[in-house]
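The values are calculated or read from the model by the stated rules, or taken from the named source; none is laboratory data. From a predicted model like this one, the values you see are computed outputs, not experimental measurements. Here the Cβ positions follow ideal geometry from the backbone for every residue, glycine too, while neighbour counts run over all protein chains shown.
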Amino acid sequence: MNIEQLEYIVEIAKTGSLSAAANELHVTQSALSQSVSRLEEELGIKIFQRSHAGAVATEEGRRILKKALEALHAIDEMKENALLDRNMMQGELDVASFPGVMPLLVKAVSSIKQEYPLLRVTVGENYSMQILEDIRANRLGLGLIAMYAKDIERLTGLAFEPIVQGKLVICANKKSPIAQHSSIHPRELKKHDLVLYQGDSFLDDFVTDYRAAYGDLSILFSTNNGGAIDAALSENLAITIGHDFSFYGNRQWLADQYAMIDIAPFAQQPMQVGWVKSEKKQMSSVYQLCVNRFKHELDRKRI
């Protein structure tokens, strides 16, 4: 067993398939498969059930994956401790995120503050475009944004570090008939009332593209209040459309009461979530620590 094998099985669990994991890890699918098979043979268990639909962790595999994630995080922490002096860690951590992943960012920065109480920590929430403007104007040190993949190369003067790709999905109460399906055809959306988050440019683009192809949606209401959407879902009054990654921080909430449903076939523009900072500034140790801690929280929710 080696670190590389642990990284392999964690990535397969996150992506749900060997081919996607191989792309993320920049290795061949054959090399990845052979490495995982050797690990399974060494441990004497089957970590994944593999099929044409993807790779799903077995019950024994989920226990191994939890330990693998803990081990990889412990290694990251050893690297962090080699760079950081607990007694000297001072200064400022000024970070902002778009709304979808704020719960995960709060957990990440809270753990940092507990370990380094002399740090001055500021956490903001804003739209991705405003975060970009704040970084360019030196009002912000680090931002977590969502962008179309085609727009990333236009971020002049800024450095972008991708984290995860995203797409829009349906979220529905498990009592809703639509929740019985893993995916639905776009035409079926017209049969359901929707509550939509107001001010999300990705969602606005989706609605525009949908109308061009299939006509108007049945929108019960639009709002910038997340609580209003939660209430409509909880009472099974409507379904909503949101970013798949926005549900990572609410996995238990999702599992207990709600279901995520893919919209297919429907061509969506590739979307990327990632960190952004000024290209002119070196990322300090405290900001790199924030990036690492957020990754740990995201990994826990994705597996």
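Summary table
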item: Odd one out for Val27 among (1) loosely packed, with under 13 Cβ neighbours inside 10 Å; (2) assigned to a loop (DSSP other than H, G, I, E, B); result: (1)
item: Residue that is nearest to the chain's Cα centre (by Cα) [pool: residues in the stretch 122-143 that are buried (at least 19 other Cβ atoms within 10 Å of the Cβ) and within 21 Å of Ser110 (Cβ to Cβ)]; result: Gly143
item: Which numbered condition Ala146 misses (of (1) in contact (Cβ under 8 Å) with a residue 40 or more places away in the chain; (2) closer than 28 Å to Trp275 by Cα; (3) exposed (fewer than 15 other Cβ atoms within 10 Å of the Cβ)); result: (3)
item: Single residue of the stretch 177-231 satisfying the filter (of a type in the set (S, T, N, Q) and touching an Asp or Glu at 6+ places or on another chain (Cβ under 7 Å)) that is modelled with the lowest pLDDT; result: Ser182
item: Test for Ser33: is it farther than 26 Å from Glu297 by Cα, surrounded by 13 or more Cβ atoms within 10 Å (Cβ to Cβ) and more than 22 Å from the chain's Cα centre (by Cα); result: yes
item: Residue match in the stretch 248-264 (condition: under 16 Å from Tyr127 (Cα atoms) and of a type outside the set (Ser, Thr, Tyr)); result: no
item: Residue under evaluation Ser110, criteria (1) assigned by TED's automatic domain parsing to the domain that holds Leu289; (2) touching a Phe, Trp or Tyr at 6+ places or on another chain (Cβ under 9 Å); (3) free of Cβ contacts under 8 Å to residues at least 24 places away in the same chain; (4) not hydrophobic (A, V, I, L, M, F, W, C), criterion not met; result: (2)
item: Close pairs (9 angstrom Cβ cut-off, 6 or more residues apart or separate chains): under 19 Å from Leu189 (Cβ atoms) in the stretch 210-229, exposed (fewer than 11 other Cβ atoms within 10 Å of the Cβ) and not basic (Lys, Arg) anywhere; result: Tyr210/Asp216
item: Matching residues, the stretch 38-68, being surrounded by fewer than 12 Cβ atoms within 10 Å (Cβ to Cβ) and modelled with pLDDT of 85 or more; result: Glu41, Glu42, Gly44, Glu59, Lys67
item: Of all residues making up the stretch 230-240, the number that are under 16 Å from Val169 (Cα atoms) and either among the aliphatic types (A, V, I, L, M) or in contact (Cβ under 8 Å) with a residue 12 or more places away in the chain (or both); result: 4
